[in-house]
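Read the structure below first, then the notes.
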Amino acid sequence: MKKQGAYREITLPAILLGVGLGVLLVACFTYAGLLIGFTIGGSAVAAILGFGILRGVMKKGTIVENNINQTIASGINIATAGIIFTVPAFYLMDVAFNPLLVGMAAAAGAFLGVFFIIPIRKQMIDLDRLRFPTGTAVATVLKSPGAGVEKSRLLLIGAGISAVVYFVSQFPVKFGAESYLLGVHTSLIPAAIDLGEILHLPGFIDNVWAVSLFSLGAGFITGRPGLVVLAGGILAYWVITPVAVSQAWVPADLLQHFHALTGAEARAAGAELSEWAHGNLNRPIGIGMLIGGAMTGIALAAPSIRAALGSLRRIDLKGGDAEELPLKTLWFGIGICLVVLFLATYFAAGIGPGRALLVSVVGTLWLGLAGVIVAQATGMTDWSPISGLTLISVVIILALTDKSVPAALLVGAAVCVAIAECADMMQDLKTGHLVGATPLKQQIMELSFVWIGPFVCLAVIAILWKSFGFGPGHDLSAPQAQALQAAVESVLGGEVPWPKYLGGAVIGGMLGLTGVAGLGVLVGLSMYLPLAYILPYGLGCVVQMGFQRAKGVRWIEEKGVPFAAGLLVGEPLIVLLQSILIITGVILPPGS
Amino acid sequence: MKGLVAFLLITAGTLAASLAVARTDTSVAGWMATWQVSTLWAVVGLVLITAGILVQRSGKAASGEEARVGLAGLDAVLGKVVGEVDRLGEAIGTLELSALHARVDEILTGPVTDFTEGRQALIDVFGVGSYAEVMGPFAQGERYLNRAWSASADGDQDEAETYARKAGPLFREAHRKRGELGTQGAEA
C-alpha cells in the first residue's frame, strides 16, 4: 500500500491526544502518588492508548505520530513525580506559599530539564547505547504493527500476565480463601514475599521480594549491566546493615528493643533496625556515590560531550535539515528560565535579591548535573534517584539562605520537576531513536507542552487538600512529602550526614575510574533503592543472561525483549485503572 | 586471571571503604575513639580500589592483541553493513514495500546489531574520542533505517525509500572514519 502526502508525524490528533492523555495521567497519578508514594512515567500507557485511538479508531495513526503523542503525554505527566515529592510539604509544614509562583518555578524547572538534557542525547543514546528499558519497551509497543504477529503476541501476553498479577496482588479484594505459602500467611498473589521470614533470618536482614513483574521485565531488558545494581543492594542490605547491627552502630534503644523481643515482634523490631540503617547509613552513602560516580563519568566523557556541543553549535535551523535544537536556542532558553526562577524565588520566598539570584543560579547548576545523573541512572537501570538528588538541593538551598524553608521547597520543586523531565525526555528520545523519529520534532513538542503538568498537578493537590486533606492520619498520607519534611526538619536541627555524603562521593568517584560504565552511579543507586524491587530486577538480569547463553542475542531481541516489554507496560495500565476507580469511589484504597 | 584479581580488589576495597564511611557517625558515643579506625579502613578501602583499577588497566594493556582481533571482526561487520545498505539503495524503486520492510529489518537485526554489540573493541583500541567519530554517523544511519522500517510498516513507500537512501552515506561516513583511524590504535 502506498500512502499519499507527507509521512504523518506532528499532527493535530497526536497533539490533542497527547495533551488530553497527559492531563488525565497527571490527575490520576497525583492521587496515586499521594496515596502510595510513587508515580508511573506514563509513556507506556500513552503509547498503548494512542495505538488504540490513532490506529484503531481513527485508522490512520503512524508509528512516529504515536511517538509524538506519548512524548507529549509523558512530558506533561512526569511533572507529577517532581511536584508530589515537594509541594505537599508546604501544606504539611504549614508554610504559606503562592501557587502561581510555585507553578512558575516548577514550569521553569520543566523547561530547564529539557534544555539541559538535549546536548547529552548523542552521548547517552548514540554512543553509550544506554538501554533505557521503558523507552525500549515503549518502542516495542509502537512498532508492534510492523513487528509481525509473533512479537505482538508476546507483547500482549507479557502485558496481560503483568496486569493480572498486579491486579490480583494490589486490589483490596480477596480472590478465594487466604492461603499459606511455606508456612507464611498470604493472599492468592501477595504483593511481596518475605523470604527472610520463610528462611527464619533475623528481621534486620531484609529479604523481601516484591512481586513486581515490572521490575523483572526492566531487569531482563537491561541484562548483564544490571547485575551491578544487585551487587550494590547486597552490599547495603546484606553487608552494611548486618555489620552495623552486630557492631552496635545503630541507636541503642532500637537495638535493646530488638534483643528484648522474640518471634514476630522481634522480626518487626529487626525491620525497624533495617529501616534506620537504610535511612541513616546506606541512603546518604548511596547518594554520595551517585554524585561522585556521575562526576567521574562526566569527566571521562568530556571529549565526546565537547564534540556533541560542537555539533549543536553548528546547527542552523533555517537550513531545514536540522535534527536537534541548536546550542544558542538552548542557552537562550536556559537564560529565560533562570530569570523566571529568580523572580519566583524573590517574590515567593521573602529573601533578598542577592540571595534569590544565588539560589537560582546554584539551583540551576545543580539541576543540570542532577539531571544528567538521573538520565544516566535511568538509562542503565530504569530507576531514577529523583528524591535523593532533590533532597541534596533542598539541603544546599537551606544552607545558602540561612534556612529559608519557602526558598528551599520552591527551588526544590523546580529541581525535582527538572530532573524528572530529564529522565523522561531521554526515555522518549531513546524510543524516538528506535522508531526513527526526528529528535528535533520530539524536543519541540516536549517544550511546547511540558509546562502544563506542574499547573495541573498543583491544582489537583489543592483540590485534594481542601476535599480530603493529606498527611499522617489521612488516607492520602503523602509519604514522599513526609520524607522530605523529615529531612528538612533534620537539617533545621543541624543533622546533615555530610561525612557519609562526602565519603560516598569519594568511593563513587573511584569506582567511576574502573572502566565499568557508570559503576559508581549503579552501586550508589542500588544502595538507595528499596531491596524489594532490586531483587526481582536482579533476577530479571540473571534470567536474561541465562537465555542469552542458551539461545543467543537474536532470540533475546526477537522473543525476550517483546515479552519483557509487555511485563513493563501491564502494571502501569492497572495503576491507572486503580486510580480512576478509587477517585470515582467505585473501590476503596488499598488497606482500607 | 587479572580481571578476577581486579574484581576482588575493587569489591574488597568498596566493602572496606563503605563500612568505614557507615561508621562515621558523630552521634554515636565514643566517636573520637572510632574516628582513627574509620579513617584507616577508608584509606585501606581506597588503596584496594586503586590497586584493582591498576591491575585492571594492566590487564587491558596486555589484552590489546585480543582487542585488535575483535576489531578485525568488527571491521568485517561494518563492511557488511555498508555493502547491504548500498545494495538496498540500488534496489529501491524495484522493491515492493513489504520486501523493502523485510530487507531493512534484516539489516537492522543482523549486521547493525552485531556492530553495536561488538563496539567495545573500537573503544579498547582507539579510545572514546575516536570511537565517537565512528559511532556518531553510524547511529544516525541506524536511526534513518529505523525510520524507513517504521514508514514501511505504516505503508508509506516514499518515506521508507527516502530514508533507506539517506542511511547509505552515513554508514559510508562511519566506514571512512574507521579507515582514517588505521590499525595502530590510540596512544595510551
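Scaled to the compact-protein estimate 2.2 N^0.38 Å, what is the alpha-carbon radius of gyration of region A:411-549, rounded to two decimal places?
Values: Rg = 20.1 Å, N = 139, 2.2 N^0.38 = 14.3 Å.
Taking the Cα Rg and dividing by 2.2 N^0.38 Å, one obtains 1.40.
Return the FRET efficiency for the residue pair residue B:57, residue A:362: r is the Cβ-Cβ distance, R0 is 45 Å, and the value is rounded to the nearest 0.05. Show your work: numbers first, answer last.
Working: r = 36 Å, r/R0 = 0.81.
After rounding, the FRET efficiency stands at 0.80.
If R0 is 51 Å, what FRET efficiency do you get for residue A:6 and residue A:100 from their C-beta distance, rounded to 0.05? Could you put the intermediate results ahead of the total?
On the way: r = 40 Å, r/R0 = 0.78.
For R0 = 51 Å, the calculated efficiency reads 0.80.
May I ask for the distance between the Cα centers of region B:1-18 and region A:452-488, given as a whole number of Å?
So the two Cα centres are separated by 44 Å.
If we count other beta carbons within 10 Å of each Cβ, what is the order of A:116, A:111, fewest first?
On the way: A:116 27, A:111 23.
Arranged by neighbour count, lowest to highest, A:116, A:111 become A:111, A:116.
With labels modelled as points extended 7 Å from the Cα through the Cβ direction, what inter-label distance (nm, one decimal) is found for residue A:253 paired with residue A:339?
That separation, rounded to one decimal, is 5.3 nm.
Between region A:548-574 and region A:109-148, how far is it from one alpha carbon centroid to the other, in angstrom?
17
Please give the FRET efficiency for residue A:328 paired with residue B:96, using the beta carbon to beta carbon distance and R0 = 30 Å, rounded to the nearest 0.05.
Numbers: r = 45 Å, r/R0 = 1.50.
The value I calculate is 0.10.
Which semi-axis lengths, in whole Å and largest first, follow from the square roots of five times the eigenvalues of the Cα gyration tensor of chain B?
Numbers: eigenvalues 503, 90, 28 Å².
Ellipsoid semi-axes (Å, largest first): 50, 21, 12.
Can you give the mean number of other chain Cβ atoms that lie within 10 Å of the Cβ atoms in peptide A:425-437?
That works out to 3 on average.
Over region A:315-416, what number does the Rg to Rh ratio reach, with both radii from the alpha-carbon atoms and Rh per Kirkwood? Mind dumping the intermediate values first?
Details: Rg = 15.9 Å, Rh = 14.8 Å.
Ratio of gyration radius to Kirkwood radius: 1.07.
Return the distance in nm (one decimal) between the two label points of a simple spin-label model at residue A:161 and residue B:5, each offset 7 Å from Cα along Cα→Cβ.
Calculated label separation equals 4.4 nm.
Using the alpha carbon gyration tensor of region A:235-383, what are the three equivalent-ellipsoid semi-axes (square root of 5 times each eigenvalue), largest first, in whole Å?
Working: eigenvalues 424, 102, 31 Å².
Working from the Cα gyration tensor, I get semi-axes of 46, 23, 12 Å.
Suppose each label sits 7 Å from its Cα in the direction of the beta carbon; what would the residue B:87-residue A:555 distance come out to in nanometres?
For residue B:87 paired with residue A:555, the spin-label model returns 2.7 nm.
Using the Cα centre of the protein assembly as shown as the reference point, and only Cβ charges (+1 on K/R, -1 on D/E), how large is the resulting charge dipole? Debye, rounded to the nearest 20.
Numbers: 49 positive and 53 negative charges, 203 e Å.
That gives a dipole near 980 debye.
With the cut-off at 45 Å, report for chain A the share of all Cα pairs above it, as a whole percent.
The answer is 12 percent, as a whole percent.
Looking at the P(r) of region A:520-567, how many percent of alpha-carbon pairs lie beyond 14 Å? Please report the intermediate quantities before stating the final value.
Values: 675 of 1128 pairs.
Summing the P(r) of region A:520-567 above 14 Å gives 60 percent of all pairs.
Hey, can you grab everything whose amide H is under 5 Å from the amide H of residue A:193? Only 5+ residues off in sequence or another chain; H modelled, so Pro and N-termini drop out.
Residues meeting the amide H criterion: A:209, A:210, A:211.
Once Lys and Arg get +1 and Asp and Glu get -1 on their Cβ, which of B:152, B:16, B:126 lies farthest toward the positive end of the dipole of chain B?
Final value for the positive-end residue is B:16.
Could you order peptides A:526-539, A:457-470, A:375-388 by the average number of other Cβ atoms within 10 Å of their residues, highest first?
On the way: A:526-539: 24.5, A:457-470: 17.6, A:375-388: 26.8.
Final packing ranking: A:375-388, A:526-539, A:457-470.
Where the eigenvalues come from the Cα gyration tensor of region A:20-143, what are the semi-axes √(5λ) of the equivalent ellipsoid, largest first, in whole Å? Walk me through the numbers before you get to the answer.
On the way: eigenvalues 168, 74, 34 Å².
For region A:20-143, the semi-axes come out at 29, 19, 13 Å.
Looking only at other chains, what is the average number of their beta-carbon atoms within 10 angstrom of each beta-carbon in B:11-20? Numbers along the way, then the final one.
Values: counts 2, 0, 3, 13, 4, 1, 7, 17, 9, 2.
Partner Cβ neighbours, averaged per residue: 6.
Other chains near B:136-143: what is the mean number of their Cβ atoms within 10 Å of each residue's Cβ? Show your work: numbers first, answer last.
On the way: counts 7, 1, 2, 6, 4, 0, 4, 11.
Partner-chain Cβ atoms within 10 Å, mean over residues of B:136-143: 4.
Only the coordinates and a few stated rules stand behind these numbers; no lab work does. Quantities reported herein were computed from a predicted structural model and do not represent experimental measurements. We place every Cβ from the backbone using ideal geometry, glycine too, and count neighbours over all the protein chains shown.
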